[in-house]
Amino acid sequence: MRSWILSLPRLLGLFLLSGCAASAHGTDRQPGFGTLRLDANPEKNFVTIQDEAGRQFAGAARLSKKIASHVSGGSRAIPRAIRATWRSGSPVLTSDGVWSGGTVLGDYTATVAQRIPPEVFDDMRRHGGALRLKIRIVDGAVLVGWDVERYVPIEGWKPGDGDSGIHYHMAGGDFREDKVINGKIVEPGWERIPPTPATAAQGEQP
């Protein structure tokens, strides 16, 4: 459940991304994504996500299914691939925004952009909305998911009424998060762990 005030940044991002999707209609240009959701199952600490060029993409000191990171607003390019690491011990956060030191407990990669079906972008161009990119860290893999985040106006809605009208469509990928209302799971999510995940790189790191 969201209040109107808390939804303003996300709504602005949705309107901006809707415009981008509309302007891309009839072209081969692929829209970016407007919201990034990052969580873990089970809990992971000192998580760093990098793109295919080794640039810092996302991260958090602590993640779980209940402790998720949400970044909204504007449009970002969809990475071709991501690399996720998580650690134990006492890592430090570098000036580049990545965790360094401690012991690496997991080091996995996954493709991203090429996995998202063209139908998802076609739907955005026809009906508006913004792509929500989702990443979940699990034992033995990094999972990638996506859906279309769309604002549906609710006639007569005012602050305090509950759901502000943000809805999700065309969920796909390796997982979908639980749907939670008032702290209760009303629709369980799902996970599809890749059958042959890469081998984790573990050990003491500088």
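Any residue at all in region 116-125 that's assigned to a strand (DSSP E or B), among the basic types (Lys, Arg) and within 25 Å of residue 152 (Cβ to Cβ)? Scanning region 116-125, I find no residue that is assigned to a strand (DSSP E or B), among the basic types (Lys, Arg) and within 25 Å of residue 152 (Cβ to Cβ), so the answer is no. Here 126, 136, 115, 132 are screened, and the one residue that is basic (Lys, Arg) and either at pLDDT below 90 or in contact with a helix residue (DSSP H, G or I) (Cβ under 9 Å, 6 or more places away or on another chain) (or both) is 126.
Listed here are the residues, each with its yes/no results for (1) more than 19 Å from residue 88 (Cβ to Cβ); (2) at pLDDT 95 or above; (3) touching a Phe, Trp or Tyr at 6+ places or on another chain (Cβ under 9 Å); (4) surrounded by 13 or more Cβ atoms within 10 Å (Cβ to Cβ).
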{"site": "20", "(1), (2), (3), (4)": "yes, no, no, yes"}
{"site": "34", "(1), (2), (3), (4)": "yes, no, no, yes"}
{"site": "47", "(1), (2), (3), (4)": "no, yes, yes, yes"}
{"site": "51", "(1), (2), (3), (4)": "yes, yes, yes, yes"}
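Conditions (1) under 24 Å from residue 42 (Cβ atoms); (2) at pLDDT 80 or above; (3) surrounded by fewer than 17 Cβ atoms within 10 Å (Cβ to Cβ), marked per residue:
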| site | (1), (2), (3) |
| --- | --- |
| 167 | no, yes, yes |
| 181 | yes, no, yes |
| 184 | yes, yes, yes |
| 195 | yes, no, yes |
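Flag: residue 153 does not match the condition of being surrounded by fewer than 12 Cβ atoms within 10 Å (Cβ to Cβ) and at pLDDT 90 or above.
The criterion of at least 3 residues that are of a type outside the set (A, V, I, L, M, F, W, C) and over 28 Å from residue 125 (Cβ atoms) is met, among strands (runs of 3 or more DSSP E) falling completely within region 28-92, by 44-51, 56-63, 81-88. Among the residues of region 89-130, those that are surrounded by fewer than 20 Cβ atoms within 10 Å (Cβ to Cβ), closer than 24 Å to residue 194 by Cα and of a type in the set (Ser, Thr, Tyr) comprise 109, 111.
On the given criteria, is residue 98 under 26 Å from residue 169 (Cβ atoms) and among the β-branched types (Val, Ile, Thr)?
So residue 98 does not fit the description; no.
The values are calculated or read from the model by the stated rules, or taken from the named source; none is laboratory data. The shown structure was predicted, so the numbers you read here are calculated from the model rather than taken from an experiment. Every residue, glycine among them, receives a Cβ derived from its backbone with ideal geometry; neighbour counts consider all protein chains shown.
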